[in-house]
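Trainee: Okay, here's the structure, questions in a sec.
Please treat every number below as a calculation from the coordinates, not as lab data. Since this is a predicted model, take the numbers as computed values, not measurements. With ideal geometry, Cβ positions are generated from the backbone for all residues, glycine too; neighbour counts draw on all protein chains shown.
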Amino acid sequence: MSALARRGWTATSHAVTEIRLFAVSTTRTFVPLSGPWEFRFPASGDALDPDAWAEGEPVVAQVPGVWEALPGRGRYRGEVVARRRFRLPRAGAVRLVFKGVSHTARVFVDGRELGTHHNAYTPFAFALPELTAGDHDLLVHVSNRFGELSALHVPNDYHTYGGITRPAEVQLLRDPCFVERLLATPRRDARGWSLQVRVRLRNLGPAATTRRVRVCGPGRTAEQAVSVGPDATAEVGFLLELGPDVAAWSPEEPQLHFVRAELRDEGGEMVDDLVERIGLREVRCDGERLLLNGCPLRLRGFNRHEDHARHGCALPVEAMREDLRLLRLLHANAIRTSHYPNDERFLDLCDEMGVLVWEENHARGLYEGGGAATMHHPRFAEQCAAVNAEMVLEHFNHPCIVLWGILNECESFSAAGRAHYAAQLEQIRGLDPSRPTTFATLHNHPVGHPQREACLDLPDVCSWNIYPGWYRDDTAGQRLAMLLDRFGPEMAGRPLLLSEFGAGAIPGFRDPETRLKWSEERQADILADCLATFLAHPRVAGVFVWQFCDNRVSEEWTLVRPRCVNDKGVFDGERRPKLAADIVARAFAADVRKDCADQGGAPRHPHSQ
Ligand code: ADA
């Protein structure tokens, strides 16, 4: 009997989900899987087969969480078998939803393998046509091992943690035919707002069925009958004309609306429903400017790893909220999810708080000489394509996301690399033509990256990671002039973002006189120079400081990362501010005032007071 069963631990049904910050259904019963699980580590070595779980060493671990938080497991890289039981109050079809397992999961229910998911940063789900009422045994084999199966999880300048790091839950359905997905695209024209809604049904049953689908949006409803074959899916589209009076979403006024798809059977009974939350906003490029709802948009942001000294990558919502409070305290309005899709609850918070997001797929520094790996891994294309699809389709409805990014500092300088960049941008545009795309490439870095670009014509927005004053001892002005001189003509007519710049500072290393590198003073000086130069330059549509907080890195990087930490954070891992925090706050606040003056209006960003 497992350690948890001995405690008589079983789930109880909930009416509210834990994977989002709002109720996503009124018909489904939620059985949360957060809380204590039984983890079994290999008695020796780093491998443990799912069916040999009983030979493992048991320990109770929290989900969501990272196993690095467990005693003696701070550096464990390998396999674990995680188990727990859950109870269904009645028989029925179920969805088993995981928002993130780091980094590969094999999932079993009552001994039956449901499937495998690779990549820590994107959600996945399994659907079962029928489970009985009562207790069920859930087993998840988790691996965060590096090696031949993973093209993207490699030793890198961030740590690949281990565990069930984001929330998971069982959704008990009323019927084997349910709403699998609802995608809503806002559009704006002279008549006001409209909403293009696509609803995807999935029928787990053995027979074809017909359902009436009703979509309820802000002040509008529409419905259609849809037939779905046995064990099949079907999609249906609706156009809701909302008119000019419905409240729009913006950083200043982040108005949110619910859109709901209801399924009814032949007798008119509602057998399933799915609620999504949207914001009416339009983001597009207009020459060298970004526009949000037709107004010029300036991005004053931070790069942020999902990392915390106490939580690893499994930040609780309260810690996410605190990060966003600090971000606004520094008068920032944007986050780049460097370098992978984020926990959806964080995106829910950004929607609610009006924080703009550049969300990007999972890749960092994959080029010869980049210190990580390359794009030539045999599984690179398939693993990127999977992340791209899961990122866009799962996070589609978040108004906070204004840019889709790919392949941070990868092989954008070769013909082989261009084929990947072009294919991935085409894939993302095909999934969501409503948002501009970008990728960050590295400028004039002394290590490895050749100073040529083969992909600069591909993105809607051009973005550069440049580190004047840190990797080279030039000024921000010299470096920006060099960048524009070399690549300006190629980028003409498109927005330019400076997506990374900054310096390292070991927390507490103060050196007011010499201001040596790695001191807080030198980090503050370099950021002051960069922000004064970049924010004042008319060609720059926005900036992202590298980085919001210090993050743990792979031990393979230890020779360039003291304490195995990338300490270019403006906050340390505990969110204690370094000297640079005040420098960034002053620079961003001044830019907000200048932006308002340029717009001739009151502060567009109420957080600037
Ligand atoms: C690169 C990379 C970041 C980080 C940064 C640094 O630009 O995109 O992930 O490694 O350099 O700290 O040097």
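Trainee: What's the angle, to the nearest 10 degrees (0 to 90), between helix 317-329's Cα axis and the longest principal axis of the chain?
Mentor: The angle comes out at about 30 degrees.
Trainee: I need to check one value: relative contact order of the chain, counting alpha carbon pairs closer than 8 Å and at least 6 residues apart, in percent.
Mentor: Relative contact order, the chain: 12 percent.
Trainee: Right, another one. Test of understanding: ordering Cys410, Cys455, Cys462 by Cβ neighbours within 10 Å, fewest first, what list do you get?
Mentor: Exposure proxy ranking, most exposed first: Cys455, Cys462, Cys410.
Trainee: Between Cys295 and Ala208, 0.36 nm times their residue separation minus their Cα-Cα distance comes to what?
Mentor: 26.5 nm
Trainee: Let me ask something else about it. Take the Cα coordinates of the stretch 354-412, assign each an equal point scatterer, and use the Debye formula without solvent to give log10 I(q)/I(0) at q = 0.23, 0.26 Å⁻¹.
Mentor: -0.91, -1.04
Trainee: Please give me the summed charge of the neighbours of Ala332: other residues whose Cβ is under 12 Å from its Cβ, Lys and Arg +1, Asp and Glu -1.
Mentor: Cβ neighbours under 12 Å give a net charge of +4.
Trainee: How would Ser414, Ser150 line up from fewest to most surrounding beta-carbon atoms within 10 angstrom?
Mentor: Ser414, Ser150
Trainee: In addition: For the stretch 337-452, give the magnitude of the charge dipole about the Cα centre (Cβ charges: +1 Lys/Arg, -1 Asp/Glu; no others), in debye to the nearest 20.
Mentor: Dipole magnitude for the stretch 337-452 comes out near 520 debye.
Trainee: Excluding Leu483 itself, calculate the net charge of residues whose Cβ lies under 12 Å from the Cβ of Leu483, where each Lys or Arg counts +1 and each Asp or Glu counts -1.
Mentor: Charge balance in the 12 Å sphere: -1.
Trainee: For Arg429 and Thr233, calculate 0.36 nm times their separation in residues minus their Cα-Cα distance, and state this gained length in nm to one decimal.
Mentor: 68.3 nm
Trainee: Considering only His445, Val357, Pro341, whose Cα is most displaced toward the positive end of the charge dipole of the stretch 333-479, charges sitting on Cβ of Lys, Arg (+1) and Asp, Glu (-1)?
Mentor: It is His445, whose Cα lies furthest towards the positive end.
Trainee: Figure the gain on full extension for Arg379 and Asp49 (residue separation times 0.36 nm, minus the Cα-Cα span) and round it to one decimal in nm.
Mentor: 116.5 nm
Trainee: Tell me, what HN-Hα J-couplings in whole Hz come from the Karplus equation 6.51 cos²θ - 1.76 cosθ + 1.60 at θ = phi - 60° for each residue of the stretch 333-346, using x for Gly and Pro?
Mentor: Going residue by residue, I get 10, 8, 9, 9, 7, 5, 10, 6, x, 9, 4, 5, 5, 5 Hz, with x marking Gly and Pro.
Trainee: What do you get for the angle between helix 476-491 and the principal long axis of the chain? Use alpha-carbon atoms, 0 to 90 degrees, nearest ten.
Mentor: The two axes meet at around 60 degrees.
Trainee: Normalising by the residue count of the stretch 26-122, find the relative contact order in percent from Cα pairs under 8 Å and 6+ residues apart.
Mentor: 24 percent.
Trainee: I would also like to ask the following. So what's the net charge close to Met391: Lys and Arg +1, Asp and Glu -1, counting the other residues with Cβ under 9 Å from its Cβ?
Mentor: Residues close to Met391 contribute a combined charge of -4.
Trainee: Moving to a separate point now. What is the count of Lys pairs in the chain whose alpha carbons sit under 26 Å apart, if the two are 8 or more places apart or on different chains?
Mentor: 4
Trainee: Which FRET efficiency value, to the nearest 0.05, is calculated for Ala416 and Thr132 with the Förster distance at 51 angstrom and r the Cβ-Cβ distance?
Mentor: 0.45
Trainee: Something else about it: How high is the FRET efficiency between Leu516 and Asp457 when r is their beta carbon distance and R₀ equals 51 Å, given to the nearest 0.05?
Mentor: 0.80
Trainee: When a/c is below 1.5 the answer is rounded, else prolate if a/b is larger than b/c, else oblate, so apply that to the chain with a ≥ b ≥ c taken from the square roots of the Cα gyration tensor eigenvalues.
Mentor: oblate
Trainee: Once the Cβ-Cβ distance between Leu329 and Leu256 is put in as r, and R0 is 22 Å, what FRET efficiency do you end up with, to the nearest 0.05?
Mentor: Rounded to the nearest 0.05, the efficiency is 0.45.
Trainee: Further question: Among Gln255, Ala69, Phe380, which residue has its Cα positioned farthest towards the positive end of the charge dipole of the chain, with +1 placed on the Cβ of Lys and Arg, -1 on the Cβ of Asp and Glu, and the dipole taken about the Cα centre?
Mentor: Result: Gln255, furthest along the dipole toward the positive end.
Trainee: Continuing with this model, one more query. Please state the relative contact order of the stretch 357-431 as a whole percent: Cα pairs under 8 Å, 6+ residues apart?
Mentor: Over the stretch 357-431, the number comes to 44 percent.
Trainee: About its Cα centre, how strong a charge dipole does the chain have in debye, to the nearest 20, once Lys and Arg get +1 and Asp and Glu get -1 at the Cβ?
Mentor: Dipole of the chain, to the nearest 20 debye: 740 debye.
Trainee: If you take every DSSP beta bridge fully contained in the chain, what fraction is antiparallel? Give it as a percent rounded to 5.
Mentor: Around 75 percent antiparallel, to the nearest 5.
Trainee: For Leu559, put the label point 7 Å out on the Cα→Cβ axis and report which residues of the stretch 134-169 keep their amide N under 14 Å from it.
Mentor: Nothing falls inside the zone, counting backbone N under 14 Å.
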